[in-house]
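Report on the following structure.
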Amino acid sequence: MPMTRLRQIAFDPDEAWLPWRPTANDPWGSKWAAHLYRRATFGPSPEEIEEAKRIGVQGTLDLLLQGKPDQEDWRKTLDDVGRVAAEMDEDGGDLRGWWVYTMLESAHPLREKLTLFWHGHFATSLVKLRSPPLMFEQNRLLREHALGRFGPMLHAISRDAAMMIWLDSSSNVKGSPNENYARELMELFSLGVGHYGEHDVREAARAFTGWRPDSSGRFAFDPRLHDDGTKKVLGQAGRWDGDDVVNLVLDQPATARFLVRKLYRFFINEQVEPTDALLEPLCESFRRGGYDISGLVRTMLASRLFYSDHAFRQRIKGPVEYALGALRALYRKESEGDADFRPLAHHDLAARIGAMGQVLFAPPNVKGWPGGPSWLNTSTLLERSNFTEALVTGRFAHPLGAAASESSTPSDRPVENAKPAHAFDPARMLGELKRQSPEEIVTGLLDLYLPGGTRPSARDKLVEYLAEGAPNGPELAQRVREAVHAILNLAEYQLA
């Protein structure tokens, strides 16, 4: 899909990051509530949109940043399930299915969204690691620190067994240092290219010698393998160890700039490169605040810039966002109990997301997923269309309460006697919303899936399709499902 690049909008940096206030001409409503939920979570349910409209923008931000009151209980329960899944897993299928379920069911979806972000940032893959339990523990680490302070997270990931195996810490020994972790620490995790030299990498690698995972997957330090001589890293000389190097990296202004720019791309706009001047107020407050991720995210999501055309639909949805957003548009947890997502084969859902280009626990390389236009090509667009077609027609559903499919391979084979899944069937809107005319039905569908509207030409075609031949009963219900499939394939729906 071709991307239309916005011109560089001249924002005053001091104005751009002030809190946005609704006005009569630009009110807080479905458009901006859905925009906030698409960026901060995996997409809204109708109930969440209504709640957001009721409690306002600040109340919604508070809810997203703090999570629901029972979120800690939920996290512990889901962790227990994940630990068992990882221990029983052989190829990553159980672990991926568990994380998809967690993203759908979490009582703190912003934390989960950022866990996915940090997974791409600290990209580690099962393809080399071959240990679902260690990947599960890294996932828990990222979730624990996702909205905390970056410094403790960077220290923790440096000691994480999965990361140490992934970047060959066991072969980093005195007299023959392995530079892999030191290099990625500076290039991909903190400073960015151009803010360190090869000498810094070599010296930092010496500081990390002797760091390794033990046989149980815990951090271990072997002083016999550690080089305790003087090293000069980023202009500072001392008998540094790995923790010292992490602190030296955190002291560099480039670290805040690197992270703010990356989070800007994730939350605000990935099409137009921001100027240094625009980001500097955020960088300064991020440094002063001790790398408080929650504070930075709140400033971004509350800002005038976020609630502007510069941000609205200016990111392409990744496969996880696309698939889970399509599911959550008909989310009915409050009214239908806790079994809403049990009909889904979570292995199958994770595999379908992988076929769209995002294999969880297996990013393509140490740089993670590039995102942006790379998400969309002939193959991945076809996979998106196949997924949504299966979803709206009921071919991606299992009988309520039945065990999910054991297969980790996507399949379009219908379940025996399958009907459109009652929890996700868009045709049920005909009864719920009591829409009668084609125009009213299309309005209801667009309010559900595309708050903020679509092109008039697309809307007109949907109305024309529903009106042709004056269908009713089962025929109208089928037309509605097909219209939803068309909506989920619109260019606008690919955008977060």
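Bear in mind that the values in this text are calculations on the coordinates, not laboratory data. It should be emphasised that the depicted structure is a prediction, and the values quoted were computed from it without experimental measurement. Every residue, glycine among them, receives a Cβ derived from its backbone with ideal geometry; neighbour counts consider all protein chains shown.
Using the alpha-carbon centroid of each, what span in Å lies between the range 219-271 and the range 139-191?
Each part reduced to its Cα centre gives a spacing of 9 Å.
Evaluate the Kirkwood expression for the hydrodynamic radius of the range 343-396, namely the inverse of the mean inverse distance over all pairs of different C-alpha atoms, and round to one decimal in Å.
12.1 Å
What is the list of residues in the range 117-142 whose amide nitrogen lies under 18 Å from a point 7 angstrom out from the Cα of ARG83, following Cα to Cβ?
Taking a point 7 Å out along Cα→Cβ of ARG83, the residues of the range 117-142 whose backbone N falls under 18 Å are 132-142.
Working from the pairwise distances between different alpha carbons, so that the mean of 1/r is found and then inverted, what is the range 105-186's Kirkwood radius in Å?
13.4 Å
Convert 20 °C to kelvin, take the viscosity as 1.002 mPa s, use the Kirkwood radius over C-alpha pairs of the range 424-496 as Rh, and evaluate the Stokes-Einstein diffusion coefficient in µm²/s, rounded to a whole number.
Estimated via Stokes-Einstein, D reaches 176 µm²/s.
Rounded to whole Å and sorted largest first, what semi-axes of the equivalent ellipsoid does the C-alpha gyration tensor of the range 143-208 yield via the square root of 5 times each eigenvalue?
Values for the range 143-208, descending: 21, 16, 8 Å.
Relative contact order for the range 91-248: what percent, with Cα pairs under 8 Å and sequence separation of 6 or more?
Contact order relative to length: 18 percent.
For the range 177-269, what is the convex hull volume of the alpha-carbon atoms per residue, in Å³?
105 Å³
Distance in nm between label sites at THR230 and GLU439, each 7 Å beyond Cα in the beta-carbon direction?
Placing both labels 7 Å along Cα→Cβ, they lie 8.2 nm apart.
Multiply the residue gap between ALA470 and ARG239 by 0.36 nm, knock off their C-alpha separation, and tell me the result in nm, one decimal place.
This chain segment gains 75.1 nm when fully extended.
Please compute the contact order of the range 27-159 in relative form: average sequence separation of alpha-carbon pairs under 8 Å and at least six residues apart, divided by the residue count, as a percent.
Relative contact order, the range 27-159: 23 percent.
Could you tell me the ratio Rg/Rh of the range 42-174? Both radii from Cα atoms, Rh via Kirkwood.
That ratio equals 1.03.
Give the Kirkwood hydrodynamic radius (Å, one decimal) of the range 66-140, defined as one over the mean of 1/r across all pairs of different Cα atoms.
By the Kirkwood definition, the hydrodynamic radius is 12.6 Å.
For the chain, compute Rh as the Kirkwood radius over C-alpha pairs and then the Stokes-Einstein diffusion coefficient at 37 °C and 0.692 mPa s; write the answer in µm²/s, rounded to an integer.
Reported coefficient: 136 µm²/s.
Taking 25 Å as R0, compute the FRET efficiency from the Cβ-Cβ separation of THR23 and ARG54 and round it to 0.05.
0.85
Taking amide H positions as placed 1.01 Å from N in the peptide plane, with prolines and chain starts having none, which residues 5 or more places from ARG149, or on another chain, fall under 5 Å of its amide H?
Here ILE293 satisfy the definition.
Which aspartates and glutamates have a Cα lying under 15 Å from the Cα of LYS128, excluding residues fewer than 8 positions away in the same chain?
Reachable aspartates and glutamates: GLU90, ASP91, ASP168.
Per DSSP H run of n ≥ 4, the term is -39500 (n - 2.57); total these for the chain, divide by its residue number, and report the mean residue ellipticity at 222 nm rounded to 500 deg cm²/dmol.
Dividing the helical sum by the residues of the chain leaves -15500 deg cm²/dmol.
How high is the relative contact order of the chain? Use alpha-carbon pairs under 8 Å, at least six apart in sequence, and give a whole percent.
Value for the chain: 18 percent.
So how far apart, in nm, are the two label points at ARG202 and GLU280 if each is 7 Å from Cα heading toward Cβ?
So the label points at ARG202 and GLU280 sit 3.5 nm apart.
Could you check the spin-label model distance between LYS461 and ASN247? Points 7 Å from the Cα along Cα→Cβ, value in nm.
Once both label points are built, they end up 6.1 nm from each other.
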